[in-house]
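The values are calculated or read from the model by the stated rules, or taken from the named source; none is laboratory data. In this text, all values refer to a predicted model and were calculated from it rather than measured experimentally. FYI the Cβ positions are ideal-geometry reconstructions off the backbone, even for glycines, and counts take in every protein chain you see. Each accessible area value is taken on the protein alone, full model and side chains, heavy atoms only, with ligands, DNA and RNA left out. Shrake-Rupley method; radii C 1.70, N 1.55, O 1.52, S 1.80 Å.
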Amino acid sequence: MAKKFTPKVLTANDLLSGDVIYWDENGDWVLEFEDALYLDTEKLAFHVLRLAQKQGLEIVGAYLADTELGADDKPRPAHFREDFRATGPSNYHHGKQAELA
């Protein structure tokens, strides 16, 4: 039996900066997980993945990550790996973590 599809977001790394990025509803790459397009059908998810895979000069490592909707109806990571990637480097010297200081 085929596994039931779970909602996804499309994520990758920016080739130049290394930032974790997410595909949004306009087909642009954004830095925040909650701004990502919530992909609620398998057809849509694989369509945007194919589009992203053609951007080899801009991004690297595109893949579909499991997500769920938060109380505010915005995507939230469904797995600790994605939660870790969404918050940025853990050394507080650059990236998303530096903005918290």
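Listed values, structure above:
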item: Those residues of the stretch 56-90 which are of a type in the set (S, T, N, Q) and open to solvent by 40 Å² or more (accessible area, probe 1.4 Å), in sequence order; result: Thr87, Ser90
item: Selection from the stretch 50-62 of residues that are over 22 Å from Gly88 (Cα atoms), within 15 Å of the chain's Cα centre (by Cα) and among the hydrophobic types (A, V, I, L, M, F, W, C); result: Leu51
item: Among the candidates Ala52, Ala62, residue that is part of a helix (DSSP H, G or I), touching a residue at least 24 places away in the same chain (Cβ under 8 Å) and either closer than 18 Å to Thr6 by Cα or out of contact with any helix residue (DSSP H, G or I) (no Cβ under 9 Å at 6 or more places or on another chain) (or both); result: Ala52
item: Candidate set: the stretch 28-43, residues that are part of a helix (DSSP H, G or I) and closer than 20 Å to Glu82 by Cα; chosen: the one nearest to the chain's Cα centre (by Cα); result: Phe33
item: Count of residues meeting criterion [polar (S, T, N, Q) and open to solvent by less than 90 Å² (accessible area, probe 1.4 Å)] in the stretch 38-54; result: 1
